[in-house]
Structure formats: C-alpha cells, structure tokens
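Take a look at the structure set out below.
The values are calculated or read from the model by the stated rules, or taken from the named source; none is laboratory data. These numbers come from a predicted model, not from an experiment. Glycine gets a Cβ as well: all are built from the backbone with ideal geometry, and neighbour counts include every protein chain shown.
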Amino acid sequence: MRRFLLIAIPYAWLLVLFLVPFVIVLKISLSDAAIARPPYFPQFDWAEGVMAFVRELDFENFIFLTQDDLYWKAYLSSLRIATTATLLTLVAGYPIAYAMARAPEEWRPTLMMLVILPFWTSFLIRVYAWMGILSNEGYLNQILLWTGIINEPLTILNTNTAVYIGIVYTYLPFMILPVYSALDRMDGSLIEAAEDLGCSRAQAFWLVTIPLSRPGIIAGCFLVFIPVLGEFVIPSLLGGSGTLMIGKVLWEEFFSNRDWPVASAVAVVLLLILVVPIVLFQRNQQKQAEAEK
Amino acid sequence: MQSSTFAPWEDPNAKPLIRFKNVTKRFGEFTAIDNLTLDIFEREFFALLGPSGCGKTTMMRMLAGFETATEGVIELAGQDIAPVPPNKRAVNMMFQSYALFPHLSVWDNIAFGLRRDRKSKAEIEARVEEMLRLVRLEKFAQRKPHQISGGQRQRVALARSLAKAPKLLLLDEPLGALDKKLRQDTQFELMDIQEKTGTTFVIVTHDQEEAMTVASRVAVMDQGQLMQVATPDRIYETPNSVYVADFIGDVNIIEGRATPEGEDGYRIDWAEGQPALTAKSATRFDKGQKCHLAIRPEKVAISAERPADAANAVQGRVHDIAYLGNLSTYYVELADGTIIKAQTSNTRRISRRSFTWEDTVWLSWTATAGVLLAN
Amino acid sequence: MNRMSWFNTVSLTLGFAFLYIPMLILIVYSFNESKLVTVWAGFSTKWYGELFQNDAFLNAAWVTLKVAVMSSTLATILGTMAALVLVRAGRFMGRTLFSGMIYAPLVMPEVITGLSLLLLFIGIGLDRGVMTIVLAHTTFAMCYVSVVVSSRLVTFDRSLEEAALDLGCSAAEAFRLVTLPIIAPAVISGWLLAFTLSLDDLVIASFTSGPAATTLPIKIFSAVRLGVSPEINALSTIMIGIVTVGVISASLISKQALVRQKRDEQAAARG
C-alpha cells in the first residue's frame with residue numbers, strides 16, 4: 001500500500017499538471033480563435049459528445065503557420081541563433097573550464113564557487129545588467145568613446161549582437177561545469193604519454209584532450225542549445241524588432257494578439273523541433289552512464 | 001576454544017536451531033544454492049567457507065531475511081521463517097562494511113535496535129553500557145563512526161548486533177578489513193564473546209585460517225553445494241574430496257590406481273618404474289579404481305639418505321626451498337616431474353642442513369599419513 | 001601540474017572578469033546620485049530609500065517570497081518521492097511515462113510550460129493568483145529536486161538500510177531514521193534549488209499569475225522594458241548581495257565540515 005502511494009502521488013501530480021496541460025495545448029492548436037473568454041472555439045461540451053468535438057478540429061492553425069512568413073522565419077532564426085550562440089559559448093567556456101582543471105587543488109573550491117555564484121543570481125538581473133552596458137549611452141560606448149577608439153556610439157543594444165552577448169553571458173556556467181567535470185576526470189598521465197610519444201603541446205591538446213573531453217562538450221552544448229531555442233527574456237530585452245526568436249513570437253501571439261490557437265500551434269511545432277535534440281541528448285547521457293559502469 | 005565434549009551434531013535427539021531443507025535459490029538463470037540440506041545447532045560457532053560465488057553469502061542473507069528461498073524450507077527453532085520479515089526475526093547481522101549509521105554516535109548505534117523494541121530508557125541504558133563493556137569501548141561512547149579506527153568500528157558493529165541478544169548472529173566476513181595482527185586478536189575475542197553470551201554464531205568467510213581457528217564446525221562450499229561439513233580437525237585430517245583437501249591448507253595430491261592389499265590397506269600404482277605407495281583407508285576402493293592420495297606437507301619427511309623402515313619413500317631433486325623463518329617448505333621434483341612439498345620446522349639453521357638446492361633427497365611418510373580420496 | 005601557464009591564467013582572469021564586471025557595474029551605479037544610470041554624479045543611497053518606499057515592489061517581493069517558500073517545500077516533498085520511485089521502485093506499469101514526465105520539464109522551454117498550465121487553469125475554471133503560481137512552480141521545480149536527490153540515492157549505501165531493517169525497523173522507519181538524515185544535504189540543496197528557481201522565474205509566473213498576484217520578476221521585467229532605472233540597480237544589488245552571502249557561507253560551511261572530518265579521521269587512525 002505504501003509503495004502504491006509513493007508512486008501514485010507524484011505520478012498523479014505530474015499527470016494532472018504536466019501531461020494534461022499538453023493535451024490541452026494540442027487540442028487548442030487544433031481549434032479556432034474566437035472573441036470569447038476563453039478565446040477559442042470549439043469548447044468541449046459534454047452534451048454534444050466527443051465526435052461533434054472532433055469534427056470541429058482542424059489543422060487550420062498549422063497551415064497558417066506555414067503560410068505566414070513570420071513563423072517559419074522565426075523557427076529558422078531561432079535555430080540559427082541557438083546554434084551560433086552555443087558555439088560561441090563553447091569557445092568562451094572551454095578555455096575557462098580548461099584553466100580551472102589545470103589550476104592548483106587549493107584553488108578549485110573557490111573557482112567552483114565563483115562559477116556557481118552567477119548561476120544562483122537572478123537571470124533577469126544579469127540580462128538587465130547588459131542593457132546598461134550596451135545601450136548607446138551605455139558604459140561600453142562611454143569607454144570606447146573616451147579612449148577614442150570610436151567616434152560615434154555603436155548601436156549594439158536591440159540587435160542580434162546584444163542577444164548573442166546576453167546568451168553567452170547567462171549560459172556560460174552551464175557550459176563550464178560539464179566541460180570542467182569531464183576535464184577534471186581525465187587522466188593527466190595521458191597527456192604525458194602523448195608528449196612522451198612525440199606530440200607537441202598543441203598536438204597533445206588537439207589529439208588527446210579535446211576528444212576525451214567530448215562527453216563534457218556535448219553535454220554542455222545540449223544544456224545551452226535546448227533552452228536557448230525557446231528563450232524569451234534575452235531576445236525581449238536585448239534584441240530588437242529584427243530579432244526573431246520563437247519564444248518571443250509565442251509570447252506576443254499569446255499576450256498581444258490574444259490568438260491562443262495559433263500560439264498553441266507555435267508551441268506544438270516548437271516541441272516537435274525540440275524532440276530531436278532532446279532524444280539525442282538522452283541517448284548521449286545513457287551512453288555516458290553505461291561507459292562509466 | 002570450544003570444549004571437546006561440545007558436539008550436538010552427533011546427538012540424534014538434539015533439535016537444530018537452524019534447518020535448511022532442500023533449499024534452492026535461483027537468480028534468474030543462475031543457481032546460487034542447489035538443493036542444500038544442513039542443520040546448525042545452538043551455541044555452535046559455525047563457519048560457511050568457500051570461494052566467492054559459492055553461495056555462502058546468499059545462505060546468510062536468506063537467514064537474515066534479505067533473500068527468500070526459491071524452493072525448500074528454512075526453519076529457525078522449528079518454525080518456517082519465510083513469512084517473517086527481517087525486522088521481526090530473532091536474527092541479527094554484522095555487516096562486512098559494518099554499516100554503522102554515520103549520523104549517530106557509538107552509543108546511539110548500539111541503542112538503535114533496542115529502541116525499536118520500545119524498551120524502557122533504563123533498560124536500554126543498562127544494556128548499552130553492558131555491550132560497551134563487552135567490547136571495551138566505554139570511553140568512545142559519544143564518538144561518531146568516522147572518529148574511531150577500523151578495529152573500533154568493527155567492535156561497535158559487533159556490540160550493536162549483540163545488543164538485542166539474538167538467537168542467531170550472522171557475521172559477514174567480519175575480519176576482512178583488519179590487518180593481520182588485529183585479526184588474530186579479534187578472532188579470539190569473538191570466540192570468547194560467543195562462549196560468554198551463548199549465542200549461535202554463523203560466520204561467512206573465504207579465509208580458511210579464520211574458519212579453522214574460530215569455528216566449532218566448518219561447511220566447505222562450492223557452487224551452491226556443501227562439499228563437507230565437519231569439525232576443523234576432521235576437515236583438515238580427513239577431507240572427503242580433493243576439492244576440500246586442496247581448499248584447506250597446503251596439500252600434495254598424487255594420482256594413481258588402487259589395489260586392495262590386506263585388511264584396509266591399498267597399494268597405489270602412480271608412475272611407471274616407481275615403487276608403489278601404500279596407504280590405509282576406511283573408504284572402499286575397487287581393484288584398479290582411480291584414486292588420489294592427499295598428504296599434507298608437514299607429514300612428509302625429507303632426508304638425504306633413504307630412511308630404513310618407511311612405508312613410503314620416493315627419491316627426488318630439491319627444486320626450490322621456501323624459507324619462512326620458522327618453517328621451510330621444500331619443493332622436490334620426482335622422476336616423473338611431479339613436485340611434492342615437504343615442510344619441516346627449522347630446528348637447524350638452513351646453512352647447516354645436509355641438503356640444499358639441486359640435491360637428491362628422499363621423501364618418506366607412513367601408511368596412515370595420507371588420505372585416499374576417490375574424487 | 002602546479003604551475004599555471006600564462007594562457008590559463010589569462011583565460012581565468014578574462015573569464016571571471018567577463019562574468020563579474022556587469023554585476024559590479026550594477027552595484028556601483030546603484031549608488032549613483034543621478035537618475036541617468038550611465039553618468040556618474042556622486043555617491044548616494046537615495047535609490048535604496050526610494051525602493052523601500054515603493055509599495056508595489058515591496059508587495060511583489062512579499063508575494064514572490066511566499067510563493068517561493070510554499071512551492072519549494074512542496075516540490076522538495078514531491079521531488080524526493082519521485083526520486084525514491086525512480087531509484088528504488090523497480091519496474092511498474094507506466095514507468096517509462098513517469099520518468100519521461102520527470103525529465104521533460106528540465107528541457108521544456110518555459111514559454112510552453114507556462115502556456116500549457118495557463119490553459120489548464122482556464123479549462124478547469126481555476127482563478128489565477130498566488131495558488132496557481134505555486135502549483136506551476138511546484139511542478140517544474142519537483143523535477144529538478146528529483147534529479148538532485150536521485151543522484152544522491154544512487155550512491156547511497158544500501159547496507160545501512162538493511163542494517164536498520166535487521167535491527168527491527170519497518171521500511172518506513174528505516175527511511176525516516178537512517179536514509180533521510182544521511183541524504184539530508186541533497187534534499188536541502190534540492191530545496192534551495194527549487195527556491196531559487198521559483199524566486200527567479202519570470203515566464204511561467206507571467207502566464208499563471210493573476211491580477212492580485214504580481215511577483216518581483218514580473219514587476220522588474222515591466223519596469224525594465226521601459227529602460228534602465230537606478231531603483232532596479234538598487235534592487236539588483238540587494239539580491240546579488242543576498243545570494244553572495246548565501247553562496248559564500250555555504251561554501252565555508254562545507255569546507256569547514258570537510259576539514260573537521262579529515263581531522264577526526266586522522267585522530268581516529270592514531271587511536
């Protein structure tokens with residue numbers, strides 16, 4: 001009996017508050033918008049029964065998504081931005097993780113703490129900090145103007161560049177931690193063996209260190225790519241009207257246009273796009289776990 | 001040591017404390033225990049001895065209640081214990097890793113089982129103090145497990161498992177983690193405590209020296225079956241198979257064919273061109289039956305000259321000498337290439353002995369020195 | 001290797017500078033006299049004063065705190081149960097679905113989680129307010145808690161539980177008296193994680209909150225959309241300060257505990 005309750009309680013909670021909402025999103029994505037509260041049609045009427053309900057559903061919204069330029073452009077743009085941002089974060093994060101892994105033992109706990117502290121600090125605040133830096137009157141421009149490097153303020157805020165900076169900044173800990181973990185676990189004598197067999201430092205790094213830290217690199221990339229794809233706050237605050245990201249589009253569909261069925265359809269398609277990287281990530285984690293056994 | 005008159009297994013009227021009746025345990029395809037029947041009596045210090053994978057740990061876990069038999073019945077004091085969960089059995093276990101609760105003090109660890117019985121505070125205090133005195137850890141009562149040494153942790157584990165005065169105490173490789181000197185001291189302590197408290201101990205070990213030292217009876221196991229169950233001296237002097245003879249201590253095995261000779265004697269032809277050996281055996285062998293002669297190295301005498309009246313004597317060349325301080329083991333190669341080990345005390349210094357490497361020597365033993373085994 | 005190459009030292013310095021300079025700038029300019037956040041006009045703490053008189057912000061902070069405490073406590077309980085199920089319950093009907101549901105919210109974009117929950121609440125006619133945010137936060141936080149707790153459970157020494165059973169505990173007692181105290185650090189970090197996630201959440205709270213229940217992130221977001229403001233800088237500084245104190249103390253406590261444990265073990269070995 002106890003075992004049943006132990007399983008049933010969290011199970012029931014997740015079914016009601018996770019699975020059922022998804023089914024509802026799916027259902028509404030197949031409905032029509034209506035000027036009503038709630039703003040969609042058809043509503044499930046017990047009296048008329050399931051068949052009548054199903055007959056009213058259609059893929060109109062999904063077709064709409066393919067017709068209107070905005071949506072498929074936004075998906076593509078999100079994929080492009082997410083991929084680029086992930087690579088940038090990797091390039092920025094790997095050297096830091098590597099340096100941490102090579103640091104003397106006594107420093108490690110402090111270094112870890114320094115990486116984790118931003119992680120615990122409010123995401124919103126950290127993004128906000130860049131608004132003050134990147135704006136036309138912001139600190140970056142002030143310094144550049146003052147040192148004479150440029151004559152006119154650079155427009156960085158409200159462009160894609162700002163979005164990239166923001167993403168790299170906020171997601172850096174997510175890249176550093178798995179890469180550091182993989183590098184830390186790596187056997188240092190392997191590098192010595194490589195050098196003993198004739199590799200230069202650079203070669204040893206390229207041929208031994210990088211491949212061995214691959215699991216960490218992959219984990220870090222997924223941990224950045226998947227959330228960034230659906231990111232809303234950064235494009236909203238740092239990006240401009242030209243920054244097309246699907247999270248922003250979904251928000252605007254929902255709150256500004258009040259078109260819930262389309263918003264739901266956008267969500268469903270985003271989920272479908274995400275299935276591929278998620279499954280790949282899961283497989284990679286499983287392979288990792290097995291390799292370690 | 002157990003007194004020589006303690007032998008309930010020989011009394012036909014004695015009721016065993018534990019009885020395994022045709023017990024089989026399977027894990028999927030793998031059979032861990034194969035149709036095993038065994039009686040263990042009260043106040044015994046019983047050892048389950050065997051290599052890893054022989055099933056001894058599984059037997060113990062079935063007694064504790066963490067595994068159930070696939071077939072057969074296990075009885076404790078005449079009652080089938082299968083329906084009784086581990087927390088309700090009068091059985092306690094001392095774990096190999098000690099399993100001391102790291103968040104509780106030594107005192108609380110020992111009191112843990114007593115508290116589950118809802119004993120009164122005074123009773124618990126008295127009993128815990130008694131246990132601390134028994135294992136001589138009174139001064140360490142308030143320490144936590146990580147604040148005491150390995151040997152002390154072992155004593156806490158023992159005290160904790162004895163606190164509830166169980167009918168049966170199971171010990172899972174209790175001395176494995178201790179260094180040699182500590183192990184020997186603890187072995188005698190365990191035997192003392194067992195006699196004092198009158199508890200039945202069942203110990204699981206792969207260390208045959210340990211089993212031989214502490215146990216009143218030893219069960220040698222292999223692949224889920226009992227090979228031999230007997231007192232340590234019987235196991236050593238009269239093993240019932242080559243497996244047991246080889247598992248316990250050092251032994252020389254000579255293969256040959258037996259021919260009955262006289263009342264209970266046999267002539268053993270073991271190699272071409274070599275004189276036959278003689279041995280006495282209670283087991284019956286047919287003419288020409290394949291047999292193995294098992295002789296312990298300490299029963300093989302070594303000499304430079306052929307001994308005049310030895311029942312068995314063979315000649316060989318000293319191949320190697322293992323010098324162990326108090327003993328020397330000579331590895332002597334016979335004509336057909338067989339190596340026989342002969343062990344002697346070093347009553348004379350090695351430099352003053354009459355033979356050394358590469359010398360030709362004679363090995364001899366009596367007709368009753370060895371055991372003739374069929375398999 | 002004890003000596004650090006210059007490349008590594010530079011990487012570390014640049015890296016941590018990159019991570020910390022924006023936050024330092026926030027803090028410094030929260031003490032700026034001028035309203036123009038980017039022009040330094042002198043030291044002043046007036047924005048902190050203004051912040052503490054801003055009722056809207058104070059209310060939002062209070063709501064956020066309430067929601068965070070309730071949802072993280074609930075999430076810790078549910079998440080620990082889920083972790084036990086994942087690690088100990090073995091096979092049962094619907095197990096794949098269960099583990100799928102536990103891991104999915106970790107990778108789900110927040111906009112989708114928020115959207116779906118709002119649609120649920122509307123569908124069942126539940127008024128949006130503090131309770132709906134709590135329900136939403138509990139749901140995604142419990143998944144994080146279960147990941148933290150289950151990774152601890154996996155390395156937990158089961159012979160300790162067997163010893164507890166052997167000494168007379170029922171399964172529930174064994175969990176309460178032995179397992180739980182020992183995995184407590186993991187459970188507590190799970191709680192802290194859930195608390196931080198709730199405190200910081202903007203997107204899901206926006207979808208699932210109601211007119212009376214505005215959380216601090218929502219307030220900050222709407223203020224910030226209009227541009228940079230020194231009051232927000234002041235608020236940010238306070239929040240960064242709290243987190244810093246928390247992280248540093250946690251770090252010191254764990255370091256202390258490690259030192260003490262090493263000392264005890266050495267003393268024990270000496271007898």
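A few remarks follow.
- Checking every residue in segment C:108-130 against the condition of being away from chain A (no Cβ under 12 Å) and hydrophobic (A, V, I, L, M, F, W, C) gives at least one match.
- Meets criteria (hydrophobic (A, V, I, L, M, F, W, C), in contact (Cβ under 8 Å) with a residue 40 or more places away in the chain and either more than 9 Å from every other protein chain (Cβ to nearest Cβ) or within 25 Å of residue C:227 (Cβ to Cβ) (or both)) for residue A:140: no
- The set of residues in segment B:234-253 that are within 16 Å of residue B:285 (Cβ to Cβ) and among the polar types (S, T, N, Q) comprises B:238, B:240, B:241.
- Residue B:160 being within 13 Å of another protein chain (Cβ to nearest Cβ), touching a residue at least 40 places away in the same chain (Cβ under 8 Å) and surrounded by 15 or more Cβ atoms within 10 Å (Cβ to Cβ): yes
- One residue stands out in segment A:95-154 among those that are under 30 Å from residue A:183 (Cβ atoms) and polar (S, T, N, Q): the one that is surrounded by the fewest Cβ atoms within 10 Å (Cβ to Cβ), namely A:110.
- A single member of C:96, C:113, C:179 is assigned to a helix (DSSP H, G or I), buried (at least 22 other Cβ atoms within 10 Å of the Cβ) and either β-branched (Val, Ile, Thr) or out of contact with any Ser or Thr (no Cβ under 8 Å at 6 or more places or on another chain) (or both), and it is C:113.
- For segment B:112-139, a tally of residues being in contact with a Leu (Cβ under 8 Å, 6 or more places away or on another chain), in a helix (DSSP H, G or I) and either buried (at least 16 other Cβ atoms within 10 Å of the Cβ) or not assigned by TED's automatic domain parsing to the domain that holds residue B:175 (or both) returns 8.
- Checked against the criterion of being under 22 Å from residue A:111 (Cα atoms) and among the acidic types (Asp, Glu), segment A:134-155 contains not a single residue that satisfies it.
- Residue in segment C:20-36 that is at pLDDT below 85, outside any helix (DSSP H, G or I), within 11 Å of chain A (Cβ to nearest Cβ) and over 26 Å from the mean Cα position of the chain (by Cα) present: yes
- Matching residues in segment B:214-233 - criterion: being more than 27 Å from residue B:27 (Cβ to Cβ) and not in a strand (DSSP E or B): B:214, B:215, B:216, B:231, B:232, B:233
Condition check ((1) polar (S, T, N, Q); (2) closer than 29 Å to residue A:20 by Cβ) across all residues:
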{"site": "C:5", "(1), (2)": "yes, no"}
{"site": "C:22", "(1), (2)": "no, no"}
{"site": "C:51", "(1), (2)": "no, no"}
{"site": "C:63", "(1), (2)": "no, yes"}
{"site": "C:76", "(1), (2)": "yes, yes"}
{"site": "C:82", "(1), (2)": "no, yes"}
{"site": "C:113", "(1), (2)": "yes, yes"}
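- Extreme residue, surrounded by the most Cβ atoms within 10 Å (Cβ to Cβ), among residues of segment C:213-232 that are more than 8 Å from chain A (Cβ to nearest Cβ) and under 12 Å from residue A:129 (Cα atoms): C:230
- A residue that is within 9 Å of chain C (Cβ to nearest Cβ) and in contact (Cβ under 8 Å) with a residue 12 or more places away in the chain occurs nowhere in segment B:36-50.
- Residues being facing chain C (nearest Cβ under 7 Å) and more than 27 Å from the chain's Cα centre (by Cα) - total across segment A:89-108: 3
- Counting only residues that are part of a loop (DSSP other than H, G, I, E, B) and farther than 21 Å from residue B:196 by Cα, segment B:149-172 holds 1 of them.
- Residues that are under 29 Å from the mean Cα position of the chain (by Cα) and touching a residue at least 40 places away in the same chain (Cβ under 8 Å), drawn from segment B:136-157: B:153, B:154, B:156, B:157
- Hey, residue B:146 at negative phi, in contact with a Pro (Cβ under 7 Å, 6 or more places away or on another chain) and assigned to a helix (DSSP H, G or I) or not: yes
- Within segment B:270-284, tally of residues that are among the charged types (D, E, K, R) and under 13 Å from residue B:314 (Cβ atoms): 0
- Meets criteria (surrounded by fewer than 20 Cβ atoms within 10 Å (Cβ to Cβ) and either in the same structural domain as residue B:144 (by TED's automatic domain parsing) or part of a loop (DSSP other than H, G, I, E, B) (or both)) for residue B:14: yes
- Number of residues in segment B:17-53 that are under 20 Å from the mean Cα position of the chain (by Cα) and modelled with pLDDT under 90 equals 2.
- Screening residue C:166 with (1) crowded, with 20+ Cβ neighbours inside 10 Å; (2) touching a Pro at 6+ places or on another chain (Cβ under 7 Å); (3) more than 13 Å from chain B (Cβ to nearest Cβ) gives one miss only, at (3).
- Within the option set A:132, A:138, being small (Gly, Ala, Ser) and touching a helix residue (DSSP H, G or I) at 6+ places or on another chain (Cβ under 6 Å) holds for one residue only, A:138.
- Close pairs (7 angstrom Cβ cut-off, 6 or more residues apart or separate chains): β-branched (Val, Ile, Thr) in segment C:44-71, crowded, with 19+ Cβ neighbours inside 10 Å and outside any helix (DSSP H, G or I) anywhere: C:63/C:213; C:63/C:214; C:63/C:215; C:64/C:215; C:67/C:215
- The condition (being over 21 Å from the mean Cα position of the chain (by Cα), among the small types (Gly, Ala, Ser) and on the phi < 0 side of the Ramachandran plot) is satisfied by just one residue among C:186, C:267, C:250, C:205: C:267.
- Filtered residues of segment A:233-271 (kept if in contact with a Lys or Arg (Cβ under 7 Å, 6 or more places away or on another chain) and buried (at least 23 other Cβ atoms within 10 Å of the Cβ)): A:235
- Single unsatisfied condition, residue B:323 versus (1) hydroxyl-bearing (Ser, Thr, Tyr); (2) more than 29 Å from residue B:347 (Cβ to Cβ); (3) at pLDDT 85 or above: (2)
- For segment B:64-75, the condition of being assigned to a helix (DSSP H, G or I) and without any contact (Cβ under 8 Å) to a residue 60 or more places away in the chain holds for none of the residues.
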